[in-house]
Amino acid sequence: MKHFLLTDFIIKEETKELIDYAVNTDSWSSYGRGRFKLYIGLLPNRELILPLAKKFKNPKDLFFKMELNKVGKMGVVMPHTDHHRYVTINVPLKGDFKHSYLDFYNPSIGVPAVALNDNEEHRGGGMVYPEAELDYQVSYNVPICFNTQEIHGVTNTSLEDRYILTMSFKEAWTFEKIYDMYTAGELLV
């Protein structure tokens, strides 16, 4: 298993200010070019994510980083593994999520990955897999948890920008531990 949906992570009005900030901010850094670009946005203050963090038992012990991601309309994020991020929850904020997918890939045999930085031949180093084969795609309108060291990407086939909040777990929290906590009712309040 590469992912699971958090179907009981109910979001109502908690994200209105966060969505307003994401849609109206111009302070995005990015990776890639053209339609193959991922935008990363830092949060200006913790009050924007506090209502979502409070939905978890012991959020201070679980998470080390939360940030915004944006994929433009008709945008694609190439197959990759993340740099020093192991498990995350993506919270959909705004976009046409019926036509935007989290893609999971299988590595192509004999085709090397490309390090995102020159010195990343170690666990947690971000890698790009230009020749990876698509395994499956997930469209989601509830939060999704996945192992960011699995090869993944994004395909947004819609005419809307796609905004999410990523909630990154500390390294000690493996995908299996998070899944077990969730199924046992020990993750969410």
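The values are calculated or read from the model by the stated rules, or taken from the named source; none is laboratory data. As the structure is a prediction and not an experimental result, all values here were calculated from the model. Here the Cβ positions follow ideal geometry from the backbone for every residue, glycine too, while neighbour counts run over all protein chains shown. For the accessible areas, the whole protein counts, side chains as well, though only heavy atoms, and no ligand, DNA or RNA atoms are used. Shrake-Rupley method; radii C 1.70, N 1.55, O 1.52, S 1.80 Å.
Since only His80, His152, Phe169 are under comparison, the one whose Cα sits farthest along the positive direction of the charge dipole of the chain, derived from C-beta charges on Lys, Arg, Asp and Glu, is Phe169.
Over region 31-80, average the accessible area per residue using a 1.4 Å probe and give it in Å², no decimals.
On the way: 2880 Å² over 50 residues.
On a per-residue basis, 58 Å².
Remark: the chain carries a charge dipole of roughly 380 debye about the Cα centre, counting +1 on each Lys and Arg Cβ and -1 on each Asp and Glu Cβ.
Counting heavy atoms of the protein chains alone, Val87 has an accessible area of about 0 Å² for a 1.4 Å probe. A 1.4 Å probe over all protein chains sorts Leu165, Leu38 by accessible area into Leu38, Leu165, starting with the largest. Along its principal axes, the chain has C-alpha extents of 45, 36, 30 angstrom, given from the largest down.
Dividing the Cα convex hull volume of region 1-94 by residue count, how many Å³ per residue is that?
Numbers: hull volume 12.8 nm³, N = 94.
So the per-residue hull volume is 137 Å³.
Ligands, DNA and RNA aside, Ile49 has an accessible area near 20 Å² when probed at 1.4 Å. Going by the alpha-carbon gyration tensor, a ≥ b ≥ c the square roots of its eigenvalues, is region 1-41 rounded (a/c under 1.5) or, if a/c is not under 1.5, prolate (a/b greater than b/c) versus oblate? Because a/c hits 1.5 or more and a/b fails to exceed b/c, region 1-41 counts as oblate. Taking every DSSP helix (H) stretch of at least 4 residues in the chain, weighting each as -39,500 (n - 2.57) and dividing the sum by the residue count yields a mean residue ellipticity at 222 nm of -3500 deg cm²/dmol.
Here Lys177 sits with roughly 100 square angstrom of accessible surface, probe radius 1.4 Å.
Across Glu13, Glu131, the residue with the most accessible area heads the list, and the full order at a 1.4 Å probe is Glu13, Glu131.
Using DSSP to define loop residues, name the chymotrypsin sites (Phe, Trp or Tyr not before Pro) in region 17-116 whose beta-carbon has at most 10 other beta-carbon atoms within 10 Å. Kindly include the intermediate steps, with their values, before the conclusion.
Working: sites: Tyr21, Trp28, Tyr31, Phe36, Tyr39, Phe56, Phe63, Phe64, Tyr86, Phe97, Tyr101, Phe104, Tyr105; in loops: Trp28, Tyr86.
Of the chymotrypsin sites (Phe, Trp or Tyr not before Pro), not one in the loops of region 17-116 has a Cβ with at most 10 other Cβ atoms within 10 Å.
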